[in-house]
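Reviewing the structure listed below.
Every number here is computed from the coordinates shown, using simple stated rules; none is lab data. All figures in this text were calculated on a predicted structure; none of them were measured in a lab. Positions of Cβ are backbone-derived with ideal geometry, glycine not excepted, and every protein chain shown enters the neighbour counts.
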Amino acid sequence: MARRGRPTVEINLSAEERATLERWARRHSSSQALALRSKIVLACAAGGVTHAEIAADLGCNPVTVGKWRHRFATASPPIASTASSTPPVPERPARSLTR
């Protein structure tokens, strides 16, 4: 049966982008929203499944899957370049032990 509706945007991930998304999806300190978006993009990149199937697997709405597929495909800069650009943690000044 032929696909109906608008064609979906194809997502091709580099090895670095895939590793970053998998890390975000697994990491306990990631927000649930970030983890869900990462899982959506990974599922879309795997190919061969519809938005409805991905949404059913992840427990979200098919429109959400389409939205994040489109946002990731048109994003600039790519995830790999933003993943390593986290702000540095400021160093604490050394405490003086004398009173």
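Could you calculate the FRET efficiency of Arg27 with Ala75 from 1/(1 + (r/R0)^6), where r is the beta carbon distance between them and R0 is 22 Å, rounded to 0.05?
0.65
Would you be so kind as to identify which of Gly59, Phe72, Gln32 lies farthest towards the positive end of the dipole of the range 15-83, taking Lys and Arg as +1 and Asp and Glu as -1 on Cβ and the Cα centre as origin?
After comparing all options, I get Gln32.
Quick one: Debye curve from the C-alpha atoms of the range 15-83, no solvent, what's log10 I(q)/I(0) at q = 0.17, 0.23, 0.27, 0.28 Å⁻¹?
Debye output, listed in q order: -0.57, -1.04, -1.34, -1.39.
Which value, in debye to the nearest 20, describes the size of the charge dipole of the range 15-83 about its Cα centre when Lys and Arg Cβ atoms bear +1, Asp and Glu Cβ atoms bear -1, and nothing else is charged?
180
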